[in-house]
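Scroll down for the structure; my scribbles are underneath it.
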Amino acid sequence: MISRFSALLAAIICFQIVAPVCLAEDPAGKVSANVVYASPAEVFGAYRQALARRKWQTAFFCLTPQSRMLAILEVFTNCQLHQDARIDALLKKHNVTPADVGADYDRRLQAKQAAPNTSPDAREANAGPDLDLFSQILDERVANKVDFFAGLNELTNGPDALKLGALERVEVKQDQATGQAAVAIVHIEQVTANGPQVRKNTWHVETFRFRKEQGSWLIETRR
């Protein structure tokens, strides 16, 4: 029988479930206060350069506090697709092995569903994947979020896995902004049965959302 946690991971991976989360900011995030990005283009440029140079800590602090937690969720989910002893060791170091997180998630979700005075509608809503609960568990367990984010990205991303084009069509409305940029998706193709694998990029345009927080522009979401 598939666990509730396994069902959640399958839903995220297969359907790319994404929802905003609002959780506690990583205390290490205070370091980013020393870097003030004067415009959406400036923070995007720093983010783009950081990805290209694999400077994961810099990339992490280009995001809003809420988006940093979402990035933690995504990198944890994506690492489940990799078989690597180094990843297993990193997850254990940060107290988020799939077994422990899964047991915690299943236990809390069951308790949530069995809570007294829960209406039938709420009980039915709780029966599906609970992204907020998953995010809360990771938030509580991962103490050093930037180290976790950087370590997993280094282990799971190939040499050309993250490429962004220039930011275009920027529209600013007070403390919020949007812009578009091309994003590369890497495909590995086997040209012939016994031939070498070929890595190819497919580019598509995505919309980035920005928010100005405490005087600095940061990346909020990417769609």
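The values are calculated or read from the model by the stated rules, or taken from the named source; none is laboratory data. Please read all numbers here as calculations on a predicted model, not as lab measurements. With ideal geometry, Cβ positions are generated from the backbone for all residues, glycine too; neighbour counts draw on all protein chains shown.
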Next on the checklist: If I go through region 79-101 residue by residue, how many of them are surrounded by 13 or more Cβ atoms within 10 Å (Cβ to Cβ) and touching a Ser or Thr at 6+ places or on another chain (Cβ under 6 Å)?
Outcome noted: 2
Checklist entry - Which of the residues spanning region 25-56 are at pLDDT below 95 and under 12 Å from residue 213 (Cβ atoms)? => result 25, 29, 32, 33, 36
Item to check | Search result, residues across region 135-163 that are of a type in the set (Asp, Glu) and modelled with pLDDT of 90 or more | outcome: 139, 140, 147, 154
Item to check | Pairs where the first residue, in region 89-115, is closer than 18 Å to residue 145 by Cα and the second is surrounded by 14 or more Cβ atoms within 10 Å (Cβ to Cβ) and of a type in the set (Val, Ile, Thr), C-beta under 7 Å, 6+ apart | outcome: 91/97; 94/142; 96/142; 101/137
Item to check | Counted residues, region 66-87 - those being assigned to a helix (DSSP H, G or I) and over 12 Å from the mean Cα position of the chain (by Cα) | outcome: 3
